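Enquirer: Take a look at the following structure, please.
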There are 2 protein chains.
Amino acid sequence: MKQVDTIIQGDAVITMNKQFDVIVDGAVAVKDADIIAVGTRDEILAHYEADNIVDCAGQYILPGLVNTHTHVPMTLLRGLADDLRLDVWLMGYIMPTEREFVTPEFCRLGTKIACAEMIRSGITSFADMYYYEADVAAATAEVGMRGVLGETILKFPAPDAESYDQSLAYTRRFIEEWRGHSLITPAIAPHAPYTVTDEMLEQCARLAAEFDVPLLIHISETALEVEDNIRIYGNRVIPRMQNARLFDARVLAAHCVHIDRSEMRMIRHHGATVAHCPSSNLKVAAGIAPIAEMLEEKLIVGIGTDGTSSNNALDMFEEVRLAAILAKTKANDPTAVPAKQALLMATRQGAEAMYLGDVTGSLEVGKRADIIVMDAHPVHNMPQFERDPDGIYARIVYAAKSTDVVHVMCNGQWLMLNRELLTLNETELLAQAADYARQIDSFLIEREGDILSKLLAIGGIEQGESYEVQAKAVLRDEAAIDRLLNHPDVEIVKHIHYQQYDTYFLFDEARLRYREDESIDAGLEVPQVRSRLTLTTPAKEHVFHSAVVLSHSRFIADADRSLRFYREYFQPKAERNLEKDRLRWHIRYKGVLMYVNYDRVIDPELPEPFIEIKSRTWSEADSEKKADLIQELLDYLAIPADDIVPADYLEMEGLAK
Amino acid sequence: MKQVDTIIQGDAVITMNKQFDVIVDGAVAVKDADIIAVGTRDEILAHYEADNIVDCAGQYILPGLVNTHTHVPMTLLRGLADDLRLDVWLMGYIMPTEREFVTPEFCRLGTKIACAEMIRSGITSFADMYYYEADVAAATAEVGMRGVLGETILKFPAPDAESYDQSLAYTRRFIEEWRGHSLITPAIAPHAPYTVTDEMLEQCARLAAEFDVPLLIHISETALEVEDNIRIYGNRVIPRMQNARLFDARVLAAHCVHIDRSEMRMIRHHGATVAHCPSSNLKVAAGIAPIAEMLEEKLIVGIGTDGTSSNNALDMFEEVRLAAILAKTKANDPTAVPAKQALLMATRQGAEAMYLGDVTGSLEVGKRADIIVMDAHPVHNMPQFERDPDGIYARIVYAAKSTDVVHVMCNGQWLMLNRELLTLNETELLAQAADYARQIDSFLIEREGDILSKLLAIGGIEQGESYEVQAKAVLRDEAAIDRLLNHPDVEIVKHIHYQQYDTYFLFDEARLRYREDESIDAGLEVPQVRSRLTLTTPAKEHVFHSAVVLSHSRFIADADRSLRFYREYFQPKAERNLEKDRLRWHIRYKGVLMYVNYDRVIDPELPEPFIEIKSRTWSEADSEKKADLIQELLDYLAIPADDIVPADYLEMEGLAK
């Protein structure tokens, strides 16, 4: 009799080994971190003795599940912002919050909460990509889970590095510090083809090759990414990666939603692997990865939950089930990716995808003891048929739930027994998480209340500010405009003809105008379109002569995103549209630059045209002087006082309905 | 103070009413079957008193979920056969098993197990389609759940009716018996456009209209169904249904995966509703229903689990989450079907889809007390942000699990408290289910072992049987064939030239040949192709003169399904292919009809051609006489004994490898 530490015996051992052995009334013997023997209970008990015999009657024994793609610290951002466009979500919420809150402490706490959820879902190994990955490593090792942990590399400043060079230096130190650890495999993670340059890819691959650590990256997640690659680099993503010598490293590519057959063969040729994230891909509307085709091409494909901010759960049972059923509709074939294949991707093949094929993913002698035990007979998985030997996989993949998992062991250490976590204190963690949530809520709520700071948060946009004095009037006598332009003291500097499409987002205290200016050239050439954002407050700063008003625009900038982006990001209380035809003259009157607009409001239609006379200003004295000049011109045009319009177009009756 | 029966108070009441009120620190007052009041805890406790105050601190209170499409008795067939083609699954496994096992007792037991799983998943109402629906009703009422229960109508015999007329009569009695019940709404369920005629549709609609009960039907589940409808009826499915006056009834149409915009408008015009079953549609590779478009067209869409034999779970949390994320990829828009909309489909809109909008689906005064309580703070749903008022829906839809449900009340009666079912004994039910599973396993295992009964199980194929005496030889002297045909006692009856493609499925005791005969006409017209199945045993019945053998084909029939169907249905141990060019003469020799084949085996290629001489036989005396005649012809051709081949082509060396 050989002495081992633990013998786990149950209704069946689902080994997920090469022969797919399912051992009825089976047992696994564990000593230290290792699986010493796998066999029938009788065989094991005849040859091994252990102080600790865990009887799992009515339960199945499986290898720990392998989550090949996630961002564990982001668990602290779960549910922060859902049902948004990718750019609104990322640039409007995730990145501003990360800039403000991501610290080593944040990463340790987020990692631990993620580990709690993952252990409960039967996961023992995961591949991560985030910042402060040394802290992710420390927390993961403390919990006792197995991780391939990739420090993120970006061409932009990151929460843990002001520049790319700092990131690379951090990663080198991180790899040197953690390599050889029994649970942690440090790795490098150039973020994605659109956030790193070719030079950075090559340097990352070189660093990975130097230490023989894996390289994690997001690849071809969206159709747009592929289109952009073709436009900018003249190549699809995988050939570009090949040219950048990425595959000099052992690459684990997450997503691969939009890769074609030749790219699949290229991935296979280089021995690279894929992490398939079905929920995340559906939720961000990225599409459905062609998994059945990848498997036909003999790619090594694992399954990943992705981070909770795009999923929002770290539940491998949901992912495995979804991977299996989604592949059938994608391939238009109900026999595609059968349950056994799906579970393989979540275990042994997932481990291979993470370059841990020798270590975990199946219950075999020589591998580490990463073992889960789950209820075999919950009501949601009854009855059970024995005819089809693959039926046991179908039960686990199509009907089991993560909450069926009862015990979890990783590297020979129990992490959960009878659904009690042994290496984590959930109550404490959740209290700390609630503290962060409160702070993040305050940060965002404060920002939401202030449209200007919300504008600034999306970054990259320069802030401008301007004061204008202006007068507006109904122009009943259209000849007046010619009289004005022929005034002896007026010099015409420039003349432009615009079609203007304005969308006003209305808030309690502010108004944001998105304007598309289409300049209509006399030569009938292609019109030039320009989009600009202007933030104003409805209140007038001052009124001169009862006709000329001083207004203040707090923010003027090019609008480099779509109208829809801004609408979904700002979620205005109300919205108004205004379309007008504008003839504009830049004039100099008594040496002062002014703008004269002759406007026809087309939609909603106003019967009379309008004239506007305005000038930029910067001081009180200046604005008074300019208001006087504007009043002179109004008098010259003999516009009746009743026709003076103190309101914006938006506030006029009939428009403001 | 008004007296009520029960006050349920919790962290938030998520009412799902028209205003989507979420009442923080809310409560619901229940008396008898009804919701008497909904408000803040303080309001409710100020106006109502109850003996039974259920304190749900740390929990949410929601309306019971509404499962708009399922087949509850089929829960007894969960996991019976997965990862198969639809036809193999349905005709090979489900229908033969249903023919053998579906009884009133089966339906009652299956219903109860399904109810147990559904209650645990927070479901209080469901729409069902199956057989013996009066027994489904009795079991559902006994459990205390709410059901719209449709008796299935088919043009074929069903487990509970030998003919359509019997089904219709059963349904009339069923409706008369159950209408007006507080929990049960009887309904009629013509199965699908491809299993009922237009006349049946019209009669079903008339019966439904007579009693004002809903009509449940599967509609446009697969692309094939739509193609077939266009081919046969010259119309897409919904216009055909309209022509058949189906919409004279209140229709709940399940699936609607393949409907276009004009069909959506037609459904809306008729006030019909849709049950969306995302998991089932993915798993059978039917596709993704265009839910975002349907909602744009203002259709009333509910969510359904479908039956466990195509899902395989009755977990509404999985369905709601999948409905929300799948719609985003289908619409190529991550803002499509936000969480609030998805939960609406699983509650109030689902109830409207089942024509129970006045009764259930939201927590409002005047509706029945169908209420669930779920944990608000499990680790898989932390942290929680308050900024976005819709965040609470995102937490429930994207991260909550069915196992978060703690209490369930239906019609004012508690069905589950603290995760304990109160109206069902799960242990007893599961023991009975295990009994059925054993019987069904035996039935199928016995059938699996006997290829003939497995052939018969797929039905519609006539069984034939034949005995043949035959001899086969290598033909080294090709002129011999002319000598034979010019033999003075030989009369040529018919001559045919075939290309034959044989696929042999090999089993331990039997061999099934799928043969495609392509007859090559001399006039070079389009070849006629015929597929036939032949079941043989490798053993020879008898050998005469050491050259002529008697063989027995136990089954000959036209093969009306595809090779792939048979392959996946029979799952042979091995498979061999054989392609040959065959010249065949029907000859009469001394008054006896015989067949002479001149065969060239092309793939796998054999160098020499072969001659076969054979004749059908029916008695021992007859076979001896015919064996003698065949031996005479072999002698006449002077074929050396060494060239006689006692084996089938399949058994020849080089072929049988």
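Enquirer: For the range A:72-92, indicate whether the set of residues that are modelled with pLDDT of 95 or more, away from every other protein chain (no Cβ under 14 Å) and over 27 Å from B:Ala336 (Cβ atoms) is non-empty.
Expert: Checked against the condition, which is being modelled with pLDDT of 95 or more, away from every other protein chain (no Cβ under 14 Å) and over 27 Å from B:Ala336 (Cβ atoms), the range A:72-92 yields no hits at all.
Enquirer: Is one or more of the residues making up the range A:546-556 at pLDDT 85 or above, open to solvent by 10 Å² or more (accessible area, probe 1.4 Å) and part of a loop (DSSP other than H, G, I, E, B)?
Expert: No, the range A:546-556 contains no residue that is at pLDDT 85 or above, open to solvent by 10 Å² or more (accessible area, probe 1.4 Å) and part of a loop (DSSP other than H, G, I, E, B).
Enquirer: Mind checking whether some residue in the range A:596-603 is in the same structural domain as A:Phe505 (by TED's automatic domain parsing), assigned to a loop (DSSP other than H, G, I, E, B) and open to solvent by less than 40 Å² (accessible area, probe 1.4 Å)?
Expert: no
Enquirer: Further, regarding this structure: Checking B:Ala351 against (1) open to solvent by less than 10 Å² (accessible area, probe 1.4 Å); (2) free of Cβ contacts under 8 Å to residues at least 40 places away in the same chain, which test does it fail?
Expert: Evaluating B:Ala351 over (1) open to solvent by less than 10 Å² (accessible area, probe 1.4 Å); (2) free of Cβ contacts under 8 Å to residues at least 40 places away in the same chain leaves (2) as the failure.
Enquirer: Oh, and also: Does B:Thr68 satisfy being among the polar types (S, T, N, Q), more than 30 Å from B:His377 (Cβ to Cβ) and in contact with a Gly (Cβ under 9 Å, 6 or more places away or on another chain)?
Expert: Here the answer is no, as B:Thr68 does not meet what is asked.
Enquirer: Please verify whether B:Thr111 is buried (at least 24 other Cβ atoms within 10 Å of the Cβ), without any contact (Cβ under 8 Å) to a residue 40 or more places away in the chain and either under 30 Å from B:Asp375 (Cα atoms) or of a type in the set (A, V, I, L, M, F, W, C) (or both), treating the condition exactly as stated.
Expert: In short, yes.
Enquirer: Hey, can you tell me all the residues within the range B:46-77 that are of a type outside the set (Asp, Glu), open to solvent by 10 Å² or more (accessible area, probe 1.4 Å) and closer than 23 Å to B:Asp11 by Cβ?
Expert: In the first step, residues of the range B:46-77 are kept if they are of a type outside the set (Asp, Glu); the result is B:46-48, B:50, B:52-54, B:56-77.
Applying the additional criterion that residues be open to solvent by 10 Å² or more (accessible area, probe 1.4 Å) yields B:46-48, B:50, B:52-54, B:57-60, B:71, B:74.
The answer is B:Ala46, B:His47, B:Tyr48, B:Ala50, B:Asn52, B:Ile53, B:Val54, B:Ala57, B:Gly58, B:Gln59, B:Tyr60.
Enquirer: From the list A:Thr124, A:Thr152, A:Thr185, which residue is at pLDDT 95 or above, in a strand (DSSP E or B) and open to solvent by 20 Å² or more (accessible area, probe 1.4 Å)? Let's see the steps before the verdict.
Expert: Values: A:Thr124 fails: open to solvent by 20 Å² or more (accessible area, probe 1.4 Å); A:Thr152 fails: open to solvent by 20 Å² or more (accessible area, probe 1.4 Å).
Residue meeting the stated conditions: A:Thr185.
Enquirer: Okay, next question. Let me confirm something: among A:Trp178, A:Trp89, which residue is surrounded by fewer than 23 Cβ atoms within 10 Å (Cβ to Cβ) and within 19 Å of A:Ala313 (Cβ to Cβ)?
Expert: A:Trp89
Enquirer: Sticking with this structure for a sec: When the residues of the range B:335-344 are filtered to those that are at pLDDT 95 or above and at the interface with chain A (Cβ under 7 Å from one of its Cβ atoms), which remaining residue is surrounded by the fewest Cβ atoms within 10 Å (Cβ to Cβ)?
Expert: Within the range B:335-344, the match that is surrounded by the fewest Cβ atoms within 10 Å (Cβ to Cβ) is B:Pro338.
Enquirer: Here is a list of conditions, (1) open to solvent by less than 10 Å² (accessible area, probe 1.4 Å); (2) closer than 23 Å to A:Gly350 by Cα, and A:His191 meets all of them except one; can you say which number that is?
Expert: Going through (1) open to solvent by less than 10 Å² (accessible area, probe 1.4 Å); (2) closer than 23 Å to A:Gly350 by Cα one by one, A:His191 breaks only (1).
Enquirer: Taking the range A:354-376 on its own, how many of its residues are buried (at least 24 other Cβ atoms within 10 Å of the Cβ) and within 14 Å of chain B (Cβ to nearest Cβ)?
Expert: 1
Enquirer: Still on this structure: So if I check each of A:Asp306, A:Asp358, which one is touching a residue at least 12 places away in the same chain (Cβ under 8 Å) and not basic (Lys, Arg)?
Expert: When all the criteria are applied, what remains is A:Asp306.
Enquirer: Can you tell me which residue in the range A:604-657 is modelled with the lowest pLDDT, limited to those that are of a type in the set (S, T, N, Q) and open to solvent by less than 20 Å² (accessible area, probe 1.4 Å)?
Expert: The residue in question is A:Thr617.
Enquirer: If you don't mind, another one. Got at least one residue in the range B:138-146 being within 23 Å of the chain's Cα centre (by Cα), buried (at least 20 other Cβ atoms within 10 Å of the Cβ) and not hydroxyl-bearing (Ser, Thr, Tyr)?
Expert: Looking through the range B:138-146, none of the residues is within 23 Å of the chain's Cα centre (by Cα), buried (at least 20 other Cβ atoms within 10 Å of the Cβ) and not hydroxyl-bearing (Ser, Thr, Tyr).
Enquirer: Evaluate the range A:302-324: report whether one residue or more is under 29 Å from A:Glu202 (Cα atoms), in a strand (DSSP E or B), more than 14 Å from chain B (Cβ to nearest Cβ) and open to solvent by less than 30 Å² (accessible area, probe 1.4 Å). Full working, then the answer.
Expert: Within the range A:302-324, the first condition is being under 29 Å from A:Glu202 (Cα atoms), and the residues that meet it are A:302-307, A:310.
Going one step further and asking which of them are in a strand (DSSP E or B), we end up with A:302-303.
Remaining after also requiring more than 14 Å from chain B (Cβ to nearest Cβ): A:302-303.
Cutting the leftovers down to open to solvent by less than 30 Å² (accessible area, probe 1.4 Å) gives us A:302-303.
For the range A:302-324, residues under 29 Å from A:Glu202 (Cα atoms), in a strand (DSSP E or B), more than 14 Å from chain B (Cβ to nearest Cβ) and open to solvent by less than 30 Å² (accessible area, probe 1.4 Å): present.
Enquirer: While we're on this one: Considering each of B:Ala205, B:Ala187, B:Ala137 in turn, give the residue that is assigned by TED's automatic domain parsing to the domain that holds B:Gly110 and out of contact with any helix residue (DSSP H, G or I) (no Cβ under 6 Å at 6 or more places or on another chain).
Expert: Exactly one residue qualifies, and that residue is B:Ala187.
Enquirer: Separate question: If a residue must be more than 56 Å from the chain's Cα centre (by Cα) and without any contact (Cβ under 8 Å) to a residue 40 or more places away in the chain, how many such residues does the range B:478-497 contain?
Expert: The number of residues fulfilling the criteria is 3.
Enquirer: Are any residues in the range B:97-106 in a helix (DSSP H, G or I) and either modelled with pLDDT under 85 or open to solvent by 10 Å² or more (accessible area, probe 1.4 Å) (or both), and if so, which ones?
Expert: If the condition is that a residue be in a helix (DSSP H, G or I) and either modelled with pLDDT under 85 or open to solvent by 10 Å² or more (accessible area, probe 1.4 Å) (or both), then B:Glu98, B:Arg99, B:Glu100, B:Phe101, B:Pro104, B:Glu105 are the ones that fit.
Enquirer: For the range A:240-257, which residues satisfy the criterion of being in a loop (DSSP other than H, G, I, E, B) and open to solvent by 20 Å² or more (accessible area, probe 1.4 Å)? Talk me through it step by step, then tell me what you get.
Expert: Pass one, the range A:240-257, residues in a loop (DSSP other than H, G, I, E, B): A:244-245, A:249, A:256-257.
Hit for the range A:240-257 is A:Arg245, nothing else.
Enquirer: To continue, here is another question. Of the residues in the range B:377-413, how many are open to solvent by 10 Å² or more (accessible area, probe 1.4 Å), touching a residue at least 60 places away in the same chain (Cβ under 8 Å) and assigned to a helix (DSSP H, G or I)?
Expert: 2
Enquirer: Let me ask another. Looking at the structure I just gave you, is A:Ile611 in the same structural domain as A:Gln470 (by TED's automatic domain parsing) and in a helix (DSSP H, G or I)?
Expert: It is false that A:Ile611 is in the same structural domain as A:Gln470 (by TED's automatic domain parsing) and in a helix (DSSP H, G or I).
Enquirer: While we're looking at this one, here's another question. (1) away from every other protein chain (no Cβ under 14 Å); (2) of a type in the set (Lys, Arg); (3) in a helix (DSSP H, G or I): which one isn't true of B:Arg561, the others all being true?
Expert: (3)
The values are calculated or read from the model by the stated rules, or taken from the named source; none is laboratory data. This one's a predicted model, so the numbers in the text were calculated from it and none came from an experiment. Virtual Cβ from ideal backbone geometry, glycine too; neighbours counted across all protein chains shown. For accessibility, only protein heavy atoms count, side chains too; no ligands or nucleic acids. Shrake-Rupley method; radii C 1.70, N 1.55, O 1.52, S 1.80 Å.
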